[in-house]
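Asks: I am attaching a structure below and will ask some questions about it afterwards.
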Amino acid sequence: MQKGAEEEAQVDPPEEVESGEGAASLGDQEPEGFTFFSDHPLLTFLLKRLGWMALTLWIVFTLSFFLMRSIPGGPFDQEQNLSAEVLAKYKAAFYLDKPLAEQYLLHLRNALTGDLGPSYKMADYTVNEIMAAGIPKSLALGVIALIFALTLGITAGLLSAIKRGGFLDRSLMTVATIGIALPNFVIAGILILLFVIWIPIFPAATWGDYKHLFLPAFCLGAPFAAYVARLTRTGMLDVLSQDYIRTARAKGLSDAQVLVRHALKGGLLPVISFLGPAIAGILTGSLVVEKIFQIPGLGTHFVQAAINRDYTLAMGCVLLYTTLVYVMNLLVDIGYTIIDPRVKLE
Amino acid sequence: MSELSETVLDVQNLRVTFRSEDGDVRAVRGVSYELARGETLAIVGESGSGKSVTHMALMDLLPQTAMISADRLRLVGRNLMEMSPKEKRRMRGSDLAMIFQDPMTSLNPFSTLGTQIAEMLKLHRGLRGKALYAAAVAALAEVGIPNAEDRVEQYPHEFSGGMRQRAMIAMMLAGEPEVLIADEPTTALDVTVQAQIMELLAGLQSERGMSIILITHDLGLVAGSSHRVAVMYAGRIVEMGTTEKIFADPRHPYTRGLLASVPRLDQEGGELYQIPGTPPDLAHLEPGCPFRERCEFAV
């Protein structure tokens, strides 16, 4: 699909209009795949969703492209000592001398081939290189924050549900409420004060060994841990009052067996549903945390790119986040059908 | 039915009280009965009469707020009052089993029926591996579920209401209980399916020689399927006797009221009788007969 669009585009620039529609029509092609793979529900589902993802990415690309360029200012505005000649060369290299519509088509063509172009601000590097350097750091941070949010959140939620109404339940839920209410830059400040200045066991910022990840991951994960705790508690309390839990007890199972074999699956469903948005939130939330802790991950680049009008780099970040959020939600949907047999893929 | 000799369940003066902010709710106020091997005892009464609570207490399934006391609670010769929580747990499902009203919500929607039945076979009969699987299939087949080999792999939502209740029965009988408490087993089912389920229970009962406690408010169900009837009102058994006697010669005005409020096919239309008023507040019972406010014979 992408190759076809690329070749088409290279023959003759005016025909590049086709390539834009080509991306859009990826979604329309699904009925064909649907009939062909009709006896493989998962494959049909994946093809359909990938089609929608392509369409979404194209819309996001288009909106971001025009929105970014409609903001006053351009990538080279601050560099006042550029001669007119150099500026013209720059502009030619980045298609900035061409009409907006043509710029759009050229960028779209490049994006379809997987080339997001050079960074406008860090001209020695391509957007792909900058993102490749940032992704591992942001990913490490996000994954640790997520693991932290899930283990802490689920444990606290389970304890609360089992000991509902008691002192432990009330204290845990109070902490959780505070955790949800506090923005993570406030948590960051408190953590730095506690564990960097008063008890200096962690480094304050920048990127290095695992010690550098601890505070920012905690900071990033804390609000999600709090939210997961509340969701787990509500979910478990709901399930524990169900008739089939009474049945499980009537069978002669121990409390622990009832909890693990009969209550856990249903009780954690709300948490599973929340995972999609949570991962999205952790990724976008890392913009702030990375900035505070000076981690050279994607978030830092994203913020800088927007400020500097680094059109290509900002576009790269936008597309990457869109893809991630989409894929995560897809995985959550598939996970849901594995856990709950009443839910079918469609 | 003549040799109803050996007592499997002996309940004497069972009381259940719930602590609440509104005062103590005395849900069960001294229930006594004996259940013979192979017998079906119907417990009849309207909602809130204490018929379910009595048996949830026997199963030890009531919440912590319930206070249970009795002069005697014996199940096949063992004293339930002296059992540790662990022993009570072992008794559940093996000696004393219970099936519930709504088979849709009473089965775990997240696991297959095979898994849910196998859990019982593993726990109470120690089966493992291939024998376990075979026994689960056999259990489903025994309650009249066709294609049991395929059905064990299915989830509750893939079963019809009647089939679900059959599966529930298969599951709860997997531990080979002495006594089965059936708490409104057909209330959620339509009439033709009700008859099939009662027939199934009767068949299984005569095969296994187990005793059944049938909790219901449906006197029609009682007439065809039980040996004796106990009528409960406000936490007490107000009348108990053989089914024939209760239907032919009810003594308590509440029993008469219940019988009069059953719709009958052999009588011409008219308005259906209903017992006036509502059951008393069990938190604030006054001395004397709790039925007197609703009784047509009260002066």
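The values are calculated or read from the model by the stated rules, or taken from the named source; none is laboratory data. Being a predicted model, the structure only gives us computed values, none of them experimental. Note: ideal-geometry Cβ built from the backbone for every residue, glycine included; neighbour counts use all protein chains shown.
Asks: Do any residues in the stretch A:47-74 that are charged (D, E, K, R) have Cβ atoms under 6 Å from those of residues that are assigned to a helix (DSSP H, G or I), where the two are at least six apart or on different chains, and which pairs are they?
Replies: Close Cβ pairs (under 6 Å, with a partner that is assigned to a helix (DSSP H, G or I)) amount to A:48/A:30; A:49/A:330.
Asks: Moving on to the next point. Given the conditions (1) surrounded by 23 or more Cβ atoms within 10 Å (Cβ to Cβ); (2) over 16 Å from residue B:290 (Cα atoms), report the number of the one that residue B:38 does not fulfil.
Replies: Checking residue B:38 against (1) surrounded by 23 or more Cβ atoms within 10 Å (Cβ to Cβ); (2) over 16 Å from residue B:290 (Cα atoms), the one that fails is (1).
Asks: Now, a different point. Identify, please: which residue in the stretch A:241-275 is in a loop (DSSP other than H, G, I, E, B) and either surrounded by fewer than 20 Cβ atoms within 10 Å (Cβ to Cβ) or more than 9 Å from every other protein chain (Cβ to nearest Cβ) (or both) and is, among those, farthest from the chain's Cα centre (by Cα)? Talk me through it step by step, then tell me what you get.
Replies: Taking the stretch A:241-275 and keeping what is in a loop (DSSP other than H, G, I, E, B), we get A:241-242, A:251-254.
Restricting the remaining residues to those that are either surrounded by fewer than 20 Cβ atoms within 10 Å (Cβ to Cβ) or more than 9 Å from every other protein chain (Cβ to nearest Cβ) (or both) gives A:241-242, A:254.
On the way: A:241: 35, A:242: 35, A:254: 40 Å.
Filtering the stretch A:241-275 for residues that are in a loop (DSSP other than H, G, I, E, B) and either surrounded by fewer than 20 Cβ atoms within 10 Å (Cβ to Cβ) or more than 9 Å from every other protein chain (Cβ to nearest Cβ) (or both), the one farthest from the chain's Cα centre (by Cα) comes out as A:254.
Asks: Only one of these conditions is not met by residue B:65: (1) in contact (Cβ under 8 Å) with a residue 60 or more places away in the chain; (2) among the β-branched types (Val, Ile, Thr); (3) more than 9 Å from chain A (Cβ to nearest Cβ). Which number is it?
Replies: All conditions pass for residue B:65, except number (1).
Asks: Search the stretch B:265-299 for residues being surrounded by fewer than 10 Cβ atoms within 10 Å (Cβ to Cβ) and charged (D, E, K, R), and hand back the single one that is nearest to residue B:44 (Cα to Cα).
Replies: B:296
Asks: Here's a follow-up. Residues of the stretch B:221-246 being out of contact with any Phe, Trp or Tyr (no Cβ under 9 Å at 6 or more places or on another chain) and modelled with pLDDT under 90, which ones?
Replies: Selection gives B:221, B:224, B:225.
Asks: Would you confirm whether or not the stretch B:82-105 contains a residue that is facing chain A (nearest Cβ under 9 Å), among the hydrophobic types (A, V, I, L, M, F, W, C), part of a loop (DSSP other than H, G, I, E, B) and over 14 Å from residue B:177 (Cβ atoms)?
Replies: yes
Yes/no matrix, rows are residues, columns are (1) closer than 30 Å to residue A:262 by Cα; (2) within 14 Å of chain B (Cβ to nearest Cβ); (3) buried (at least 16 other Cβ atoms within 10 Å of the Cβ):
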{"position": "A:292", "(1), (2), (3)": "no, no, yes"}
{"position": "A:312", "(1), (2), (3)": "no, no, yes"}
{"position": "A:325", "(1), (2), (3)": "no, no, yes"}
{"position": "A:331", "(1), (2), (3)": "yes, no, no"}
{"position": "A:338", "(1), (2), (3)": "yes, yes, no"}
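Asks: Then there is this: Test each condition in (1) under 30 Å from residue A:96 (Cα atoms); (2) at pLDDT 90 or above for residue A:251 and report the one that comes out false.
Replies: The failed condition is (1).
Asks: Same structure again: For the stretch A:39-151, give me every one of the helices (runs of 4 or more DSSP H) that falls completely inside it and has 1 or more residues that are of a type in the set (Gly, Ala, Ser) and surrounded by 14 or more Cβ atoms within 10 Å (Cβ to Cβ).
Replies: Details: elements: A:41-70, A:84-93, A:100-112.
The helices (runs of 4 or more DSSP H) meeting that bar are A:41-70, A:100-112.
Asks: Also, quick follow-up: Could you list all residues from the stretch B:149-172 that are surrounded by fewer than 22 Cβ atoms within 10 Å (Cβ to Cβ), hydrophobic (A, V, I, L, M, F, W, C) and within 13 Å of another protein chain (Cβ to nearest Cβ)?
Replies: Scanning the stretch B:149-172 gives a single hit, B:159.
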